[in-house]
Amino acid sequence: MWTLDRWKEARRVDHVTLNVLGFKFHPRFRDPDGRPNLKVFDAFVTAFWQANNNFDKVTALGEIVAATSQYIAGFVALPAPGGQDLRYLTPVQDLLAEANNDLNLICTVAAAVQRNADIVAMANNQVIVQKVVLVNVFYLAAVGAVPNLVPIDQLIDGHIVIANGLASFTAANLQVARHNAVATLVTDFNGESILVEGGPGAGLFDESRLPIFRLIGYLNAIALPGRVDVVYHDGFVDADVQGFTARRSGVYSGRTPNARPVVLVRRTPSPGGGLTHPTTLAHELGHALTDCGQHAAQPDDLMAAGAIRGAVNQLSFGEKAWFRHNPFAV
């Protein structure tokens, strides 16, 4: 993305350079019937460079795509009545190209055209085609345990209903659906308990040691491509953790998920996590779909970290398009 200074240089199409007695002057000229002020795009470029994570960057880039696309679509060239000089069009087209290049670096390139079309459509309140995320649901328990899966499945179904009912998901026309109506019970991998056995953390999940290594090993042996694995359990060793996602690009205690991400959600809220626990599944699916482990900086964003995330759970046009275009939203 252009720096703000580079963008300002490109948009200064109303100035000429005059050399008078060795001094350079840059007087501005504008046609008397009024021309667009390209400064309106400055805020989006600034927001991109202020962002310290990819979710906020995609938000700024999505705003650029939406605003520049609207400007280009409404551009009328001279000599038509009310027409504009082409000098106003070129920098906006170039800014759109810059935004698209950066979106391609962060998001998947394969869906670039449709991704941008969705951003523009959502910005204009137009209907977009529905996408569905299919999930394989598991319940992780201690070896030998025979849990009653009925209330567990009811809880998971409730979290799916909440995700599908979020304004951000409905605006993105994105829905989550279960592949298996009854959660698959998981306890061990090759005869070894996945949950911590004995000592501190017994019966809990540790996302940084053997449990994640064994869980991914178990799931990698199941050929269910094109879906997201969702695993509920009783809690993490770190009591503050409410959800965790093992992404396709990550390595976890020496093991990487094969082709599909793994989302883990604790069955009960963490201490102080009652507000965000019902939307933890939706948040973690965001990490899974985007293959991004970062967090948005604004508390109102669904992808903000649990420590700051509130109850709004919004997504920008760019984030929604990012959620929609990946191998797991079809």
(message) Tally up the residues in the range 256-290 that are over 21 Å from the mean Cα position of the chain (by Cα) and buried (at least 17 other Cβ atoms within 10 Å of the Cβ), please.
(response) 3
(message) Let me spell it out: the conditions are (1) more than 25 Å from the chain's Cα centre (by Cα); (2) surrounded by fewer than 19 Cβ atoms within 10 Å (Cβ to Cβ), and P211 meets all of them except one. Which number is the exception?
(response) (2)
(request) Only residues that are outside any loop (DSSP other than H, G, I, E, B) and either surrounded by fewer than 16 Cβ atoms within 10 Å (Cβ to Cβ) or of a type in the set (G, A, S) (or both): list them for the range 117-130, please. (result) A117, A121, A123
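Matching residues to (1) surrounded by fewer than 15 Cβ atoms within 10 Å (Cβ to Cβ); (2) within 22 Å of the chain's Cα centre (by Cα); (3) farther than 21 Å from F328 by Cα:
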position: Q84; (1), (2), (3): no, no, yes
position: T108; (1), (2), (3): no, yes, no
position: R115; (1), (2), (3): no, yes, no
position: V132; (1), (2), (3): yes, yes, no
position: V137; (1), (2), (3): no, yes, no
position: A142; (1), (2), (3): no, no, yes
position: V150; (1), (2), (3): yes, no, yes
position: A163; (1), (2), (3): no, yes, no
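Outside any helix (DSSP H, G or I), touching a strand residue (DSSP E or B) at 6+ places or on another chain (Cβ under 7 Å), touching a residue at least 24 places away in the same chain (Cβ under 8 Å) and closer than 15 Å to N53 by Cα: is that true of Q298 in this structure? First the steps, then the outcome.
Details: outside any helix (DSSP H, G or I): yes; touching a strand residue (DSSP E or B) at 6+ places or on another chain (Cβ under 7 Å): yes; touching a residue at least 24 places away in the same chain (Cβ under 8 Å): yes; closer than 15 Å to N53 by Cα: yes.
Taking the combined requirement at face value, the residue satisfies it.
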(message) Can you confirm whether T170 is loosely packed, with under 12 Cβ neighbours inside 10 Å and β-branched (V, I, T)?
(response) yes
(request) Within the range 44-98, track down each residue that is in contact with a strand residue (DSSP E or B) (Cβ under 9 Å, 6 or more places away or on another chain) and among the β-branched types (V, I, T). (result) T59, V76
(message) Given the options A282, A311, A239, A259, name the one that is touching a helix residue (DSSP H, G or I) at 6+ places or on another chain (Cβ under 7 Å) and either in contact (Cβ under 8 Å) with a residue 12 or more places away in the chain or in a loop (DSSP other than H, G, I, E, B) (or both).
(response) A282
(message) If a residue must be among the charged types (D, E, K, R) and assigned to a loop (DSSP other than H, G, I, E, B), how many such residues does the range 131-160 contain?
(response) 0
(request) Show the residue pairs that are 6+ apart or on different chains and have beta-carbon atoms under 9 Å apart, the first residue being within the range 163-175 and in contact (Cβ under 8 Å) with a residue 40 or more places away in the chain and of a type outside the set (G, A, S), the second being part of a helix (DSSP H, G or I) and surrounded by fewer than 17 Cβ atoms within 10 Å (Cβ to Cβ). (result) L174/N164; Q175/N164
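Coordinate-derived values only; no laboratory data. Because the structure is a prediction, the values reported are computed rather than measured. With ideal geometry, Cβ positions are generated from the backbone for all residues, glycine too; neighbour counts draw on all protein chains shown.
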